[in-house]
Amino acid sequence: MISFLDGSLGHLDWMASLVSAPSVVHTIDRKGLRGKAGADYVVIGSGIGGLSCGGLLARYGEDVVVLESHTLAGGAAHSFQIGGYRFDSGPSLFSGLSSKGPQANPLAQVLDALGERVECAKYDSWMVHLPQGSFLSEIGPSHFPQVLEKYGGSNAVAEWKRLQETVLGLSEAAMALPPAALRGDWGALFTVLGRYSPQLISSFMRMGFKGALNAPRLLGPFSEILDALEIKDPFLRNWLDLLPFLLSGLKADGTLAAEVVYMFSEWYKPGCMLEYPHGGTEAIIDALVRGLEKHNGQLSLGCHVEQILVENGRAKGVKLRNGQVVVARKAVISNASIWNTVALLPPKEVPQEYQKRATETPQCDSFMHLHLGVEAKDLPADLGIHHIVVDSWEQGVDAPQNVVLISMPSALSPNLAPPGKHVLHAYTPGTEPYHLWKGLDRQSAAYKQLKEERSQVMWKAVQRALGTGFSADSCDVKLVGTPLTHERFLRRHRGTYGPAIRAGKDTFPGPETPIKNLFCCGDSVFPGIGVPAVAASGMLTANSLVSVDKHTQLLDAIGL
């Protein structure tokens, strides 16, 4: 048995040496810059946002290098392997990866533009364990009313149908504009209004007068739509806090309505399915890296950016930890959070307004992680891939240690675990307070004791989800991660999930910064947190850096 209960989730450099079935991407030596002293665009970080941005810029014909501090690509979406198990470190719930056209998932539009695809297993349900009991939650329009009838009653069903009718109508407006058309400059007048005005007008006309009145609420918090529709049933309101929280780290009163409406259109319309990539999130990262490199972009691993170089108010390149300078002939693009980006700048070069924005941007809390290699023989054969465990509605879904998410992707992608085994990832979704861990020595007895205490909620949730057949003693691999793990290996300030920018109170900024030739992408940039959002941010930034003509040619090439 391999156990790091007294260590950290990822002695990841060591883990990388234990790979039993390396992917195509990871068999290529990408360590260091391989003679590259500069590029048109230097991208800091190989998360989904950075790879999307870098890949599209390469697709546009620009000279691009993506610098990654880690020895593995992917940022918060990277995968690691140990003892024959392949673990996702981050996101595990996907939909729309195989979609095409204007309404496609932003990540699918990026992959389409790069000429790549990800093979996925499809499924339509996950298990939900609530204070009231457990049930199988199926996506699509017909099943959830049966759940509501049991847990909320006929009034809850009526409210749900009213909400569904309104939201699916609004989804036409929310999805009439493909994310690939967005850019952060005046060119949007051509790529958005000039190109898609007929579709936008048509979608508003189909909504009717009442729907059109609700359309402005897409730009506010989702709770405003719920209040306007008089959605009051306690069970339903709790459920409608949980879904936005899983999407953005904020409940319905803080999550942008357009995001939730988009999610509803993918989860509750006829024929919809969830997807999991064969090979795990690594398959998504591999596809993005292939797309970057086929268009002559470069990914350089183990290249830790120590500082963004600024001269006369302009970003000129970056300096690596080893002292090497990488010149950016056109721009530097940071896929790091706003707090980490500001920390990379020379203090005297940080404009007061930028420092103020970073200081005043609220943060989501961090995570506890539990990665397990599980014996399968005593577990139910139909266990499924996902489980959500909520301890108490009264505490609120955003309360520490109240919600645990569990993913067992080997149920759909068996190659992630040895024969007769399962790979499991449980985590508290952005609710672990950093202040409990701040300043602790990761080798100290106090740190080990706190890990033991704070991980118990995940062990209990796993036991509830997997049943009496599960035994912690039979696990081949046990890895516990903390906010300090998140901070260290993912380069996340205070281990945060991301900015807690509340819809209706503030907005996510665009890709530009007050420093010339310094741009950003990722979850500190519009549209915000989540896989679709960070992929869209990468597109937005890349599109903003090329001509409208090039942008339009790309939209034509991918049929948008």
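The values are calculated or read from the model by the stated rules, or taken from the named source; none is laboratory data. Predicted model, so just to flag it, every value in this text is computed and none were measured. Cβ placement follows ideal geometry from the backbone for every residue including glycine, while neighbour counts extend to all protein chains displayed. Accessible surface areas use protein heavy atoms only, side chains included; no ligands, DNA or RNA. Shrake-Rupley method; radii C 1.70, N 1.55, O 1.52, S 1.80 Å.
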Roughly speaking, to the nearest percent, how much of region 468-560's 1.4 Å accessible area is carbon and sulfur? 49 percent
At what distance in nm do the modelled label points of residue 394 and residue 445 sit from each other, each positioned 7 Å from its Cα along Cα→Cβ? 3.7 nm
Could you tell me what percent of the accessible area of region 344-405 is made up of carbon and sulfur, with a 1.4 Å probe and every protein chain present? 47 percent
Note to self: with every protein chain in place and a 1.4 Å probe, region 431-554 gives an accessible area per residue in Å² of 40 Å²
List the aspartates and glutamates whose Cα sits under 15 Å from the Cα of residue 100, skipping any in the same chain fewer than 8 residues away. 112, 116, 119, 266, 275, 556
Directionally averaged projected area (convex hull, Cα atoms, region 360-469), nm²: 9.1 nm²
Cα-Cα separations in region 393-442 greater than 14 Å, expressed as whole percent: 64 percent
Leaving out ligands, DNA and RNA, and with a 1.4 Å probe, what % of the accessible surface on region 80-231 is carbon or sulfur? 58 percent
Return the sequence-ordered ³J(HN,Hα) values of region 434-443 in whole Hz as given by the Karplus equation 6.51 cos²θ - 1.76 cosθ + 1.60 applied to θ = phi - 60°, using x for Gly and Pro. 6, 4, 5, 10, 4, x, 6, 6, 5, 9
Quick one: pull the percentage of alpha-carbon pairs in region 265-364 with a separation above 17 Å. 68 percent
Taking the Cα centre of the chain as origin, sum charge times position over the Cβ atoms of Lys and Arg (+1) and Asp and Glu (-1), and report the length of that vector in debye to the nearest 20. 1080 debye
Dipole-positive endmost among 81, 70, 123 within region 46-143 (Cβ charges, Cα centre): 123
Amide H neighbours of residue 386 under 5 Å, counting only residues 5+ apart in sequence or on other chains, H built in-plane at 1.01 Å? 127, 408
Sequence neighbours fewer than 8 away in the same chain don't count; with that in mind, list the lysines whose C-alpha is under 30 Å from residue 232. 150, 161, 210, 251, 269, 505
If amide hydrogens are placed 1.01 Å from N in the peptide plane, which non-local residues have theirs closer than 5 Å to the one on residue 105? 99
Normalised radius of gyration for the chain, please: alpha carbon Rg relative to 2.2 N^0.38 Å, two decimal places. 0.93
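Could you count how many Lys pairs in region 346-454 have their Cα atoms under 28 Å apart, skipping same-chain pairs fewer than 8 positions apart?
Details: 348/356; 348/438; 356/438; 377/421; 421/448; 421/451; 438/448; 438/451.
Taking region 346-454 as the scope, the lysine pair count is 8.
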Taking 138, 62, 119 and ranking on accessible area (1.4 Å, protein atoms only), highest first, one gets 119, 138, 62
In whole angstrom, and with the biggest value first, how far do the Cα coordinates of region 432-560 range along each principal axis? 60, 37, 30
Placing +1 at every Lys and Arg Cβ and -1 at every Asp and Glu Cβ, with all other atoms neutral, what dipole size does region 244-332 have around its Cα centre, in debye to the nearest 20? 520 debye
Within straight cross-link reach of residue 330, meaning Cα distance under 19 Å, which lysines are found once same-chain residues fewer than 8 apart are removed? 36, 316, 319, 516, 550
Probe 1.4 Å, protein heavy atoms only - accessible area per residue of region 120-185 in square angstrom: 39 Å²
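Before rounding to the nearest 500, sum -39500 (n - 2.57) across all DSSP H runs of length at least 4 in the chain and divide by the residue total; then give [θ] at 222 nm in deg cm²/dmol. Could the numbers behind the result be given before it?
Numbers: 17 runs with 190 residues, N = 560.
Rounded to the nearest 500, it is -10500 deg cm²/dmol.
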Could you order the peptides 459-469, 254-264 from most to least packed, using the average number of other C-beta atoms within 10 Å per residue? 254-264, 459-469
